[in-house]
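Participant: My questions all concern the structure below.
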Amino acid sequence: MTEGADKVAGEPAKLLEVTGLEVHFPIRRGVVIDRTVGHVRAVDGVDLSVGRGQTFGLVGESGCGKSTLGRAILRLEQPTAGRVVFDGQDVASLKAEPLRRLRRRMQMVFQDPLSSLNPRQSVESLLTEPLRVHGLSAEDLQTYGKDSARAHAAKAAAMLEVVGLPGSSMSRYPHEFSGGQRQRVGIARAIVLNPDLVIADEPVSALDVSVQAQVINLLEDLQKLLGLTYLVIAHDLAVVRHISDTVGVMYLGRLAEVASSDDLYERPLHPYTIALMSAIPIPDPEIEDARERILLPGDLPSPANPPSGCRFHTRCPFRQPTRCHDEEPELREIPDLAAGRQVACHWASEIASGAVGVAEPELLVEPTSS
Amino acid sequence: MSDQTIAAGERAVTRSRTRPEANRDENLLEVEDLSVSFVRRGAQPVRAVDGVSFVVRPGQIVGIVGESGSGKSVTSLAVMGLLPQRGVVASGQIRYRGQDLLTLGAKKLSDLRGREIAMVFQDPMSSLNPVIPIGTQVTEVLLRHFDVSRGEARAEAEHLLRRVGIPDPGRRLKEYPHQLSGGMRQRALIAIALACKPALLICDEPTTALDVTIQAQVLELLKELVNDLDTAMVMITHDLGVVAGLCDFVNVMYAGRVVESAPRHELFAHPRHRYTEGLLASMPRLDHPRTEPLRPIRGTPRDIVSWTKACAFAPRCDHADEACMSPDLELVLDGPGEHRMRCVHPAPLASDVADDD
Ligand SMILES: Nc1ncnc2c1ncn2[C@@H]1O[C@H](COP(=O)(O)OP(=O)(O)OP(=O)(O)O)[C@@H](O)[C@H]1O
Ligand SMILES: Nc1ncnc2c1ncn2[C@@H]1O[C@H](COP(=O)(O)OP(=O)(O)OP(=O)(O)O)[C@@H](O)[C@H]1O
Ligand code: SF4
Ligand SMILES: [Mg+2]
Ligand SMILES: [Mg+2]
């Protein structure tokens, strides 16, 4: 969102650094004796870093591990391997009390608002609960004096206003709201502690585009004001482009491409990103009726048994007879092709130059319009 | 999509189908003057839906877009007969094949639900049963409404999960909702809704958790259902790109009422109501510079006046004046086509736009 001021002085200060992160879920079989017959490799080796005050957008196939990655960063999920360093501290090494203190600085907006909000708590109770646990932030203590039920209620009311819900919502319960109203309660709850890092999992997917624009502007304002850092997970690629400084594209537990928002949308390099971009629905019926998309053929591979070589090769429209199926491409910078961005495809340069094209032309389709 | 068509998936399920022939010219669903209010002791009643009317024909996709909280989900819950038992007052008519669902008995309604009318709910987690494996939840629908064996139902369930793009469907059948990603849950719900090949399908934000390639695949599947089986579909979504590519006809809602309705080309080419205009202008656009600030409609949905006093959108509208302060503005026909709007000072028609159809 904002140009990172710390970018200027050489190496940028990273608030969040993730290296080699893996989260594998055991697959269990058997009724009497539980035996593990395999693992779902939900997150399977992810490196990423986010500079202070920056926004990292995470997009990717449904089920590729985005939410799990977000949860693992916050330790709501136990990583199988890898490191998460937040503001210089290795999160895994922290004992209960320092972890609790760190927690207040890292908050999450959950993907499914209804199941993440306790149905028996009123909105007021939902919004003041984090304050009862952690207390008001240093900034807020200046505004509200000291921690008290009254100060907490005042802060909660301010948050409610910020997300555009009427004061009468305070006494209502989650099921009494529309989907988008609930999503706003979730956002208010995440920012009530003035955290440093917010991991927002589909924070605006249930909002109409006007409220969405308000919430995005709000997130951007808060970022400018408080220097917030965001990791935003979203499927709406126009939203991601708008709010992100850097975008990571995930496929089956791994990053396929990382680039600045401008670069990525101007020139996607990885075949999966190219296919994604081709499928963005455009709010113009004339364009929608006429456009070409790249279809991804074949069954989605299972994260319990990812394909050999390039994980995308079973569905890649640009797949080549060599390397793709038996050699795993590394996420790397290709200086001759594009500096300052990373892509995990053996043929990125050839695809970009046009030397390698879509292997089967029938994968380029015009949608059948109804 | 691929060569697997809906027809190929009929298999076990078609045998016991007894459903009247679809007539594309007849309205399958007629919602007329529907109002729904929530009443709670000690609080002002909330009029969530306020005189909504629309029709859906077989083989047609009707979109509902609009403000968050404007009554879209409540409208669809009313059609499904799933409004809360208590504290709700509903009036008007919801005619399905001529019979009023609002007054239909609970038994008959629940027979229709699942067999002829299905819905994909907005909150996947809350409409899936957390303690029952996904597969059982799909086969349950099949066993309840069709004369099939367990084995057949299982095979069909696996087939359905594959069709909505869930990887490794055989294994997934045994999994519980919390073991699926957000988008897989959504697709599982879609599979359940499609299981009985409904005559009327209501989708409430069915693709919010799907990436755009899978979304395209799922929408293609829904289109096939509509085209091949003459299903009538109501599509509720905030994604105007989806509306542009999918819906034949679009209703725009604000504060419980339909403020504009038009065929999709018409609506996007000539939005007339000032709310629609503002909505289209608040979208982040890929063809605009990235750093350009978004332009939401000013004010918030909190700034509302009652329709019985004025245009509910007036407090947020740049064009509001005295004339907008009249009670119960009507939804009027605009031009010779099917374009309707409820606005005193509509956005001007650019007369030089030639791409009208
Ligand atoms: N059970 C309930 N009790 C009280 N009020 C309710 C209840 N359910 C919905 N409402 C209110 O009714 C109005 C309409 O809600 P509805 O869920 O239909 O909105 P929506 O148009 O689907 O919005 P969204 O796009 O955010 O999903 C909202 O103001 C909501 O707060
Ligand atoms: N608790 C769990 N137990 C077993 N498997 C799980 C669990 N949570 C997630 N998974 C699996 O991990 C994979 C990644 O899921 P995740 O929710 O992270 O995906 P996602 O990228 O957020 O998808 P979406 O965009 O659909 O929300 C999926 O295959 C999912 O089924
Ligand atoms: S490495 Fe091969 S299969 Fe993988 S994305 Fe590149 S071209 Fe496609
Ligand atoms: Mg997710
Ligand atoms: Mg809704």
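Participant: Identify the residue in the range B:287-333 that is crowded, with 17+ Cβ neighbours inside 10 Å and among the small types (Gly, Ala, Ser) and, among all such residues, is farthest from the other protein chains (Cβ to nearest Cβ).
Facilitator: B:Ala310
Participant: Would it be correct to say that A:Pro303 is modelled with pLDDT under 95, within 16 Å of ligand 4 (Cβ to nearest atom) and facing chain B (nearest Cβ under 9 Å)?
Facilitator: yes
Participant: Please determine whether any residue of the range A:281-293 is outside any helix (DSSP H, G or I) and more than 8 Å from chain B (Cβ to nearest Cβ).
Facilitator: Yes - at least one qualifying residue is present in the range A:281-293.
Participant: Here's a check for you: in the range A:329-343, which residue that is open to solvent by 80 Å² or more (accessible area, probe 1.4 Å) and either within 14 Å of another protein chain (Cβ to nearest Cβ) or more than 20 Å from A:Gly357 (Cα to Cα) (or both) is nearest to ligand 2 (Cβ to nearest atom)?
Facilitator: Taking the candidates together, the pick is A:Glu330.
Participant: Shifting gears a bit: Restricting to the range B:113-155, count the residues that are within 14 Å of chain A (Cβ to nearest Cβ) and away from ligand 5 (no atom under 16 Å from the Cβ).
Facilitator: Within the range B:113-155, residues that are within 14 Å of chain A (Cβ to nearest Cβ) and away from ligand 5 (no atom under 16 Å from the Cβ) number 6.
Participant: Further question on the same structure: Which residue out of B:Thr308, B:Thr276, B:Thr300 is within 30 Å of A:Ser169 (Cα to Cα), of a type in the set (Ser, Thr, Tyr) and modelled with pLDDT of 95 or more?
Facilitator: B:Thr276
Participant: Checking B:Ala199 against (1) within 16 Å of the chain's Cα centre (by Cα); (2) open to solvent by 10 Å² or more (accessible area, probe 1.4 Å): exactly one of these is not met. Which one?
Facilitator: All conditions pass for B:Ala199, except number (2).
Participant: Any idea which of (1) at pLDDT 95 or above; (2) assigned to a helix (DSSP H, G or I) is the one A:Arg184 doesn't satisfy?
Facilitator: The failed condition is (1).
Participant: Right, another one. On the basis of being at pLDDT 60 or above and surrounded by 18 or more Cβ atoms within 10 Å (Cβ to Cβ), does B:Val13 make the cut?
Facilitator: So B:Val13 fails the test.
Participant: Follow-up. Looking at (1) away from chain B (no Cβ under 11 Å); (2) touching a Phe, Trp or Tyr at 6+ places or on another chain (Cβ under 9 Å), which one does A:Pro195 not meet, given that it meets all the others?
Facilitator: Evaluating A:Pro195 over (1) away from chain B (no Cβ under 11 Å); (2) touching a Phe, Trp or Tyr at 6+ places or on another chain (Cβ under 9 Å) leaves (2) as the failure.
Participant: Quick one: how many residues across the range B:216-239 are more than 16 Å from ligand 5 (Cβ to nearest atom), open to solvent by less than 10 Å² (accessible area, probe 1.4 Å) and not in a strand (DSSP E or B)?
Facilitator: 6
Participant: Which is modelled with pLDDT of 90 or more and open to solvent by 10 Å² or more (accessible area, probe 1.4 Å), of A:Asp208, A:Asp221, A:Asp201, A:Asp236?
Facilitator: Of the residues listed, the single one that is modelled with pLDDT of 90 or more and open to solvent by 10 Å² or more (accessible area, probe 1.4 Å) is A:Asp236.
Participant: What single numbered condition from (1) open to solvent by 10 Å² or more (accessible area, probe 1.4 Å); (2) more than 14 Å from the chain's Cα centre (by Cα) fails to hold for A:Leu21?
Facilitator: With (1) open to solvent by 10 Å² or more (accessible area, probe 1.4 Å); (2) more than 14 Å from the chain's Cα centre (by Cα) applied to A:Leu21, the lone miss is (1).
Participant: Then there is this: Please report, ordered by residue number, the helices (runs of 4 or more DSSP H) entirely within the range B:127-182 with at least 2 residues that are among the polar types (S, T, N, Q).
Facilitator: B:134-145
Participant: Might you check whether a residue that is open to solvent by less than 40 Å² (accessible area, probe 1.4 Å) and more than 16 Å from ligand 5 (Cβ to nearest atom) occurs anywhere in the range B:66-83?
Facilitator: Yes, there is a match, as at least one residue in the range B:66-83 is open to solvent by less than 40 Å² (accessible area, probe 1.4 Å) and more than 16 Å from ligand 5 (Cβ to nearest atom).
Participant: Can I ask one more? How many residues are part of a loop (DSSP other than H, G, I, E, B), within 9 Å of ligand 1 (Cβ to nearest atom) and either modelled with pLDDT of 95 or more or among the acidic types (Asp, Glu) (or both) when one looks only at the range B:30-69?
Facilitator: So the answer is 1.
Participant: Would you point out which residue out of A:Ala200, A:Ala157 is within 16 Å of ligand 2 (Cβ to nearest atom) and within 21 Å of A:Val215 (Cα to Cα)?
Facilitator: From the options A:Ala200, A:Ala157, the qualifying one is A:Ala200.
Participant: Exactly one condition in (1) more than 8 Å from chain A (Cβ to nearest Cβ); (2) outside any strand (DSSP E or B) is not met by B:Asn251; state its number.
Facilitator: (2)
Participant: In addition: Which condition breaks for B:Asp328 when tested against (1) at positive phi; (2) modelled with pLDDT of 95 or more?
Facilitator: (2)
Participant: Here is a list of conditions, (1) in a helix (DSSP H, G or I); (2) outside the structural domain of B:Ile117 (by TED's automatic domain parsing); (3) charged (D, E, K, R), and B:Arg185 meets all of them except one; can you say which number that is?
Facilitator: Status for B:Arg185: all satisfied but (2).
Participant: Turning to a different aspect of this structure: For the range B:179-219, which positions are facing chain A (nearest Cβ under 9 Å) and more than 24 Å from A:Ser278 (Cα to Cα)?
Facilitator: B:Gln179, B:Leu180, B:Arg185, B:Asp204
Participant: Still on this structure, please answer the following. Of the residues A:Arg103, A:Arg28, A:Arg71, only one is closer than 28 Å to A:Met277 by Cβ and open to solvent by 20 Å² or more (accessible area, probe 1.4 Å); which?
Facilitator: Matching residue, one of A:Arg103, A:Arg28, A:Arg71: A:Arg71.
The values are calculated or read from the model by the stated rules, or taken from the named source; none is laboratory data. Please read all numbers here as calculations on a predicted model, not as lab measurements. We place every Cβ from the backbone using ideal geometry, glycine too, and count neighbours over all the protein chains shown. Note: areas computed on protein heavy atoms with side chains; ligands, DNA, RNA excluded. Shrake-Rupley method; radii C 1.70, N 1.55, O 1.52, S 1.80 Å.
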